Amino acid sequence: MPADDTVTNLGASTIAALCSRLVTHPLDTIKTRVQATTSGQQSFGQIAGNLVRTHGLYRGLPVALTLSVPGLSVYLTAYDLSKQVFARTSVVALQDGTVCNHMAAATVAEVSSGLFWTPMEVLKQKQQVQDMARHRLDRCPTAVAASASASAGASAGTAAAPSAATAPSSSFKPIGTLQLAKRIYQHEGLLGFYRGYFITLGVFVPYSIMYFTTYEELKALALQQQRTKYPKSLEDPQHPLPFMSVAACAAVSCAIAASVSNVIDVVKTRWQVSVLSQEQLSVTQIIRRMLKQEGGLRSFTRGMGARVLWMVPGTTISMSIFELLKRR
């Protein structure tokens, strides 16, 4: 990929990331809260209503913007670059346009961008759900040393019932991003920001593989139909798809990939935010508890609707803007 193309991709992906995050962050917050709630007593509407009343929909936005912009830039640029690199190899299965080419490029893109996504997810999710655990922060191993400087509303009290854990509190004062980052670094070190990195890869590598494979196939079908309907477009092999066609391909691909990968995403979310709980469970313990106490296999679908509602608009916006700006 020429240097000019790389700069173009970085610029296009940066603008796409900003637009996408600003629009979809409230849905991301709701999705995280739904997945982190162990009780089925609160519905999607109740959780959303509580967040609206407590002005919590955009909690975690600063850190999301700070890290999601370079994360998405690396993600999209690495994908395009990897596709071209793999296409130049002598391996037939990795030639341009093949499914294996798209799968390999998606894997490289996800592993590279995970260095930005994981710290963002750790900080963002802890901010999004910190008031759910406000009664337990003073007993949390990572919060004991910081309890003296935390607000009374964030550290007072004992463990509450599930239904109360998600209730809004007028005395609760959210912990700032810098204070939370300092707390993580003091008690968990630099690795604390990469809590769940491999689990995140376990969620998003399959997601990216499913997404990009489906996306590229849908784009090829859409381009074929366009050339059948408008024969003149055959004169230009690089003739781009219309904006709405790209958006439709991105939306359908994301809905499929997000639904399938939600099973692992629930476990990942529970594990990443477990630092705010009295009992820090392993992945195996979380899975066993969900199977035995939270409705069996159905518990792994928690937040699926919210996740799809969050990811589809975000992916559609980011991919459409990225493709549009890249070719201009």
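No lab work stands behind these numbers, since they all come straight from the coordinates. The structure presented is a predicted model; accordingly, all values stated were derived computationally and were not measured. Here the Cβ positions follow ideal geometry from the backbone for every residue, glycine too, while neighbour counts run over all protein chains shown.
Under a Cβ-Cβ cut-off of 12 Å, what is the net charge of the residues other than MET304 that fall near it, where Lys and Arg count +1 and Asp and Glu count -1? Counting the neighbours of MET304, the net charge comes to +3.
Under a Cβ-Cβ cut-off of 13 Å, what is the net charge of the residues other than ASP28 that fall near it, where Lys and Arg count +1 and Asp and Glu count -1?
Details: positive: ARG21, LYS31, ARG33, ARG59, LYS124, ARG307; negative: GLU121, ASP265.
My count for the surroundings of ASP28 gives +4.
Give me the mean projected area, in nm² to one decimal, of the convex hull enclosing the Cα positions of region 40-110.
About 7.4 nm², averaged over all directions.
Between LEU297 and ALA93, the distance separating the two model label sites (each 7 Å from Cα on the Cα→Cβ line) works out to 3.0 nm.
With q set to 0.20, 0.24 Å⁻¹, the log10 of I(q)/I(0) for region 185-231, from the Debye formula over equal scatterers at the Cα positions, is -0.73, -0.82. Using the Cβ of ALA105 as centre and a radius below 13 Å, the other residues enclosed give a net charge of -2, where K and R count +1 and D and E count -1.
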